[in-house]
1. Kindly check whether there is at least one residue in the range 37-49 that is surrounded by 11 or more Cβ atoms within 10 Å (Cβ to Cβ), aliphatic (A, V, I, L, M), at pLDDT 95 or above and assigned to a loop (DSSP other than H, G, I, E, B).
2. Among the residues of the range 37-68, count how many are charged (D, E, K, R) and closer than 15 Å to Y11 by Cα.
3. Would you point out the residue of the range 15-39, among those that are within 13 Å of the chain's Cα centre (by Cα) and basic (K, R), that is nearest to L5 (Cα to Cα)?
4. For the range 57-68, enumerate the residues that are among the small types (G, A, S) and either touching a strand residue (DSSP E or B) at 6+ places or on another chain (Cβ under 6 Å) or loosely packed, with under 11 Cβ neighbours inside 10 Å (or both).
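The values are calculated or read from the model by the stated rules, or taken from the named source; none is laboratory data. Every value quoted in this text rests on a predicted model; they were computed, and no experiment measured them. For neighbour counting, all protein chains shown are included, and Cβ atoms are generated from backbone atoms with ideal geometry for every residue, glycine included.
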Amino acid sequence: MNTRLINRHDYPQLDAILWDRAEQYIEPRTAFRLYEERWRFVVPHQLESNERALIAELIRTYGQMLTA
């Protein structure tokens, strides 16, 4: 994965789990960590295809999520 920043507003479930953060753009490694730590707050059946693709790419880059 390139190190481009992720726009949280492009990914509704990511946006939802960033309830305590103000920044619009986050680092991919941070997104991976927060998906992993807050997976219990993600509603899997509401993941859009682009967000599923993002999660798959994050897993390929940073390793299997412990909670997925």
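1. yes
2. 5
3. R29
4. Step one: list which residues in the range 57-68 are among the small types (G, A, S), which gives 63, 68.
Result: G63, single match.
Every residue, every condition in (1) touching a residue at least 12 places away in the same chain (Cβ under 8 Å); (2) aliphatic (A, V, I, L, M), yes or no:
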{"position": "I17", "(1), (2)": "yes, yes"}
{"position": "A22", "(1), (2)": "no, yes"}
{"position": "E36", "(1), (2)": "yes, no"}
{"position": "F41", "(1), (2)": "yes, no"}
{"position": "N50", "(1), (2)": "yes, no"}
{"position": "A56", "(1), (2)": "no, yes"}
{"position": "Y62", "(1), (2)": "yes, no"}
{"position": "M65", "(1), (2)": "yes, yes"}
